[in-house]
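The structure appears right after this line, and notes come after that.
The values are calculated or read from the model by the stated rules, or taken from the named source; none is laboratory data. Please read all numbers here as calculations on a predicted model, not as lab measurements. Reconstructed Cβ throughout: ideal geometry from the backbone, glycine too, with neighbour counts over all protein chains shown. Keep in mind that these areas ignore ligands, DNA and RNA; they rest on the heavy atoms of the full protein, side chains included. Shrake-Rupley method; radii C 1.70, N 1.55, O 1.52, S 1.80 Å.
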Amino acid sequence: MRRYDIQLNINDELFSLSIFPQRTLLEVLREDLGLIGTKEGCSEGECGVCTVLVDGLPVRSCLLLALDVRGRKVTTIEGLSKNGEIHPIQKAFIDEGAIQCGFCTPGMILSAKAIIDNNLSPPENEIRIGISGNLCRCTGYVKIIKAIKTAAERIRRGL
Amino acid sequence: MKYFEYIEPKDLKEACQFLNEYPEAKILAGGASLIVLLKNNLIRPSHLVNIKTIPGLNNIQWDGREGLKIGALNRHRDILFSPLINKYCPILSQAASKISSPPIRNMGTIGGNLCHGEPSADFPPALIALGAKLKLISTKGKRIVPIDEFFVDFYETILFRDEILIELIIPNLPPRTVGTYIKLDKTHNSIAIVGVAALIGIDEKGICTYIGVGLGGVAPTPIKIKRAEEILLGKKVEDSLLEQIAREAQAIVNPITNIYASDRYRKEMSYILTKRALKESFNNALKI
């Protein structure tokens, strides 16, 4: 059994790792890199709490081998805040009361980022499809959808 | 997951050689299905051959003679948003929109979806209705297999263990051919209880120039309604003939009872949704 030496780009930072090939990206993020914002839920790609962005697109880190994201840009929830300032989407979630237990929130916010990056004025239908891969057991999604609309509006207005 | 050796072939030839050399190797494409199997210890491959590193397997090209050629490594999202697919065979894009959720659509590939061999997958009924052909390759050469011969049994395809699905070919359809994919699921985009794809083509007189019907979730494999052509092709499309095809669907499906639905319900819904898909396709074709 051998380890594979790889370099990963996580939130614009390069990490050199020596890992067994069967390690998932989720495991490596949480256990090797201490980035515990990304969560483990169902472990089989259905619940969405493990969602991260790879080259800007939401994917399931629990179903990705860490080896498989070499040379690609990985964004976790930790990568959204810049210079100690939270991202407008994070602020909108707080302002709109879209967070209860918070467990779905990192994945949900990353999906929201992908929705808004794709369309600065997403209609509700697009928002609903965009978060259809993120399950929330607390909120009933209403305020989450509102928060995404608010975030998009604020980003459009350059706030 | 159990340990495996990880390989990134630089081209198809190398990939085929690796698969030939390592009898216990498996192909890694999107991983949306494979990694789940690995995590549950349902498969324990010695090697994973990551074919995403091979260039040229995710093109989509239209060939005037042969039809639309779709690389097997196109992800569900690539199918969904492809201008060529939305132009020549939008039923495939419709099927893609019904698969799971955006993150899975961003990872999973159409090739992987087919090779996984799930009886209720969304692409197979649409591809069956389209009369798709599959190009397979190994160290022993290439072969072309019609889609309705590709599925052998529950999660089992006709692929040899060292064979790679590299391309799907959608033959050109007659003008004024319209398709509909209807998916009956318990929650949004969850696993299909019954999936029906129906494609109807008509000429100016309303005579059927094309008919293709595929169903998923109602048998150990996705199935084709073979008698549909006998019933409708070359005849004036009318409700009684669509009814016949829908009743044929109900007669030949062989569904199971599970936590989502009973076999009786699936049989009944095979009839209802086949009728509905046929009518919708026909009405949309009339509008062209």
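Brief remarks follow.
- Span-rule helices in chain B, defined as complete DSSP H runs reaching 30 Å or more along the axis (Cα) with Kyte mean at least -1.0: B:263-286
- Database remark: amide H of A:Tyr4 closer than 5 angstrom to the amide H of A:Ile19, A:Phe20 (H placed geometrically; neighbours at sequence offset of 5 or more, or on other chains; Pro and chain starts carry no H).
- Apportionment of accessible area to carbon and sulfur, chain B, percent (1.4 Å): 52 percent
- Backbone geometry of the range B:221-230 corresponds, through the Karplus equation with coefficients 6.51, -1.76 and 1.60 at θ = phi - 60°, to 3J(HN,Hα) couplings of 9, x, 10, 10, 7, 5, 6, 4, 5, 4 Hz, x marking Gly and Pro.
- Candidate lysines - alpha carbon under 23 Å from B:Lys235, same-chain residues fewer than 8 apart omitted: B:Lys205, B:Lys224, B:Lys226, B:Lys275, B:Lys279, B:Lys287
- Hull-based mean projected area of chain A, where the convex hull spans the alpha carbons, in square nanometres: 9.2 nm²
- Measure of compaction for chain B (Cα Rg per 2.2 N^0.38 Å): 1.00
- Here is how the number arises for chain B: DSSP H runs of 4 or more residues each give -39500 (n - 2.57), the sum is divided by the residue count, and the result at 222 nm is -10000 deg cm²/dmol.
- Rounded accessible area per residue of the range B:1-142, 1.4 Å, Å²: 39 Å²
- Rounded to the nearest 100, the interface formed by chains B and A buries 2200 square angstrom of accessible surface, both chains summed, with a 1.4 Å probe.
- For the range B:180-223, the list of trypsin sites (Lys or Arg not before Pro) that fall in a loop by DSSP and count at most 13 other C-beta atoms within 10 angstrom reads B:Lys186, B:Lys205.
- A Gaussian network model of chain A, with springs between Cα atoms under 10 Å, assigns the largest mean-square fluctuation among A:Ser43, A:Ser16, A:Ser121 to A:Ser16.
- If you look at the Cα atoms of the protein assembly as shown, you get an Rg and a Dmax of 22.9, 70 Å.
- Sites listed here are trypsin sites (Lys or Arg not before Pro) in the range B:1-40 whose DSSP assignment is loop and whose Cβ has at most 15 other Cβ atoms within 10 Å: B:Lys2, B:Lys10.
- For the range A:1-156, the fraction of 1.4 Å probe accessible surface lying on carbon and sulfur atoms is 48 percent.
- Residues of type aspartates and glutamates that A:Lys113 reaches as a straight line, Cα spacing below 19 Å, ignoring anything fewer than 8 places off in the same chain: A:Asp12, A:Asp55, A:Glu78, A:Glu85, A:Asp95, A:Glu96, A:Glu124, A:Glu126, A:Glu153
- Kirkwood Rh and Cα Rg combined as Rg/Rh, the range B:145-288: 0.99
- Fraction in percent of alpha-carbon pairs per bin - 10 Å, the range B:71-110: 36, 58, 7
- The calculated 222 nm mean residue ellipticity attributable to helices in chain A amounts to -8500 deg cm²/dmol, summing -39500 (n - 2.57) over DSSP H runs of n ≥ 4 and dividing by all residues.
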